[in-house]
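The values are calculated or read from the model by the stated rules, or taken from the named source; none is laboratory data. On a predicted model such as this, the values are computed, not experimentally measured, just so you know. All Cβ positions, glycine included, derive from the backbone under ideal geometry; neighbour counts span all protein chains shown. Just so you know, the surface numbers come from the protein's heavy atoms only, side chains and all, with ligands and any DNA or RNA stripped out. Shrake-Rupley method; radii C 1.70, N 1.55, O 1.52, S 1.80 Å.
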Amino acid sequence: MMPYRVIVDHLVEMSSKISAKKTLSSSLIRLLPEDVIVDILARVPRCDYPTLSLVSKHFRSLVASRELYARRSLLGCTKHCVYVLLFNGETGEDRWYILRQKAEGNRRLVLIPSLSVMPYGGSFVAVGSRIYMFGGDQNNMALSIDCRSHTVQTLQSMPVPMSYIIANIIHERIYVIGNNESKKVMVVFNTETQTWEPEVIKIDIDLGDMWPRCVVMAHKLYMRDSHNSFVYEPKKSKWKRDEMLNSKKWWNACVVDDVLYYYNGVKKEIRAYDPKQRCWRVVKGLEELSKRTYSWLSSTVSYGGKLVLFFRKRFGWTICCAEVSLEKHQGGEIWGKVEWCDHVFTGVNLYWNKALAVVV
């Protein structure tokens, strides 16, 4: 049998030829059993799939098939991918982009044309290879985006209309919190059964206007409004304030290995909160990054055990991105190392609304 890499290289070469169909008809690849072809494609980096889909209609269907992604999972070939929702100030549209590495080595945010405009103001949660959306300008809408095929499925509407929603997942259950008739309520979506749990949970603590991003640490929800930080324990159905967490005005944060991280744009540093030690720390070793981050506006994403930071250059519309690996030292110190830093997008009146990491 031809080596995997030889076959893959041949496929990529075929996709770039005008006579690809003629080449395909005489190719040894077409003679291979279907399961062998799937096994080969499963080992190919997903960034090559758009090119491979040009080989033929058959390959186009294979690279979007459930069978292929199931095989990738069995082979341990799944990868984390970063999806970014950008808002166009001129058109008023929210569109999804994916962070891809180009052939020359740099990274760029690339529009996903097959994904339609998202409802404005929705809350998004990544679960495996899917992104769930709740609310938005249609209040009780719920959607599921399959990041393997880039298709959208409409889900059962939320039990009650809600606005100003935040959401996150614990043990296959997505907790959705928002305003319903000027009162804060919570509903739960079960990702296993793809249904809503019947109870509308009243929130027995005074939550103000919630800040962007609700995070999960040690199977608990952590969130904050303009004044306080709160913790919700699903097992006890109990809310409480967290004064130590509240000592910093964290926002657009993410969690890596049960530690919360956010970027402080004023002091140009990444801060970390460990709920076990109940203390804040500054991530060390990132002096180089602090010189390159110009804007206070930023967003952090947990990315396969690493941290991805999005920020904007001063006096311009260029969006930059950095990937930071993290290492805990004795005594609790956390050190970071910039793996790469690059400008990934330039567009007038474009703002990021959400950044998520999915596994495909």
Gyration tensor (Cα only) of segment 67-114 to equivalent ellipsoid, semi-axes in Å sorted down, yields 28, 15, 8
Karplus-derived 3J(HN,Hα), 6.51/-1.76/1.60, for each residue of segment 155-166, Hz, glycine and proline x: 9, 4, 4, 4, x, 9, x, 9, 10, 6, 8, 10
Taking only Cα atoms of segment 208-357, radius of gyration then Dmax in Å: 15.5, 48
Would you grab the residues whose amide H sits under 5 Å from the one on Val127? Only those 5+ places off in sequence or on another chain, please, with H modelled 1.01 Å from N. Tyr132
Based on C-alpha coordinates, I'd like the Rg and Dmax of segment 314-357, in Å. 14.8, 45
Search the structure for amide H atoms under 5 Å from the amide H of Asn353, placed 1.01 Å from N in the peptide plane, and list their residues when 5 or more places away or on another chain. Leu85, Leu86, Phe87
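Suppose accessible area is computed on protein heavy atoms with a 1.4 Å probe; arrange Trp251, Trp317 from highest to lowest. Walk me through the numbers before you get to the answer.
Details: Trp251 60, Trp317 80 Å².
Descending order: Trp317, Trp251.
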So, for the Cα atoms of segment 68-227, Rg and Dmax in Å stand at 16.9, 54
Once amide hydrogens are built 1.01 Å from N within the peptide plane, the residues lying 5 or more places from Asn140 or on another chain with amide H under 5 Å from its amide H are Met162
How do Cys147, Cys47, Cys341 stack up against each other in accessible area, from largest to smallest, with a 1.4 angstrom probe? Cys47, Cys341, Cys147
In percent, what relative contact order does the chain have, based on Cα pairs under 8 Å that are 6 or more apart in sequence? 13
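How high is the relative contact order of segment 178-269? Use alpha-carbon pairs under 8 Å, at least six apart in sequence, and give a whole percent.
About 18 percent, as a whole number.
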The rounded separation in angstrom of the Cα centers of segment 173-190 and segment 50-123 is 29
Taking Cα pairs under 8 Å and at least six residues apart, what relative contact order does segment 197-250 come out at, in percent? 24
Accessible area of the chain divided out per residue, in Å², using a probe of 1.4 angstrom: 50
Kirkwood Rh, segment 94-140, all Cα pairs: how many Å? 12.4
Residue by residue through segment 194-204, which ³J(HN,Hα) values in whole Hz follow from phi under the Karplus form 6.51 cos²θ - 1.76 cosθ + 1.60 (θ = phi - 60°), with glycine and proline marked x? 6, 9, 8, 6, x, 7, 9, 8, 7, 8, 8
Treating the Cα atoms of segment 91-175 as identical point scatterers in vacuum, please give the log10 of the normalised Debye intensity I(q)/I(0) at q = 0.12, 0.16, 0.18 Å⁻¹, two decimals. -0.40, -0.68, -0.83
For the chain, what log10 I(q)/I(0) values come out of the Debye formula at q = 0.06 1/Å, with one point per alpha carbon and no solvent? -0.25
Roughly to the nearest percent, how much of the accessible area of segment 30-146 is carbon and sulfur, given a 1.4 Å probe? 50
Segment 137-177: Rg to Rh, with Rh as the Kirkwood radius over Cα pairs: 0.99
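Taking segment 135-257 on its own, what percent of its Cα-Cα pair distances exceed 20 Å?
The share of Cα pairs beyond 20 Å in segment 135-257 comes to 44 percent.
Taking only DSSP H segments of four or more residues, each worth -39500 (n - 2.57), what value at 222 nm results for the chain once the sum is divided by all its residues, to the nearest 500 deg cm²/dmol? Please report the intermediate quantities before stating the final value.
Details: 7 runs with 53 residues, N = 360.
Calculated from helices alone, the mean residue ellipticity at 222 nm is -4000 deg cm²/dmol.
Quick check: net charge around Asn228, other residues with Cβ under 15 Å of its Cβ, Lys/Arg +1 and Asp/Glu -1?
0
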Where q = 0.20, 0.24, 0.28 Å⁻¹, what log10 of I(q)/I(0) comes from the Debye formula for segment 158-199, counting one point per Cα? -0.56, -0.77, -0.97
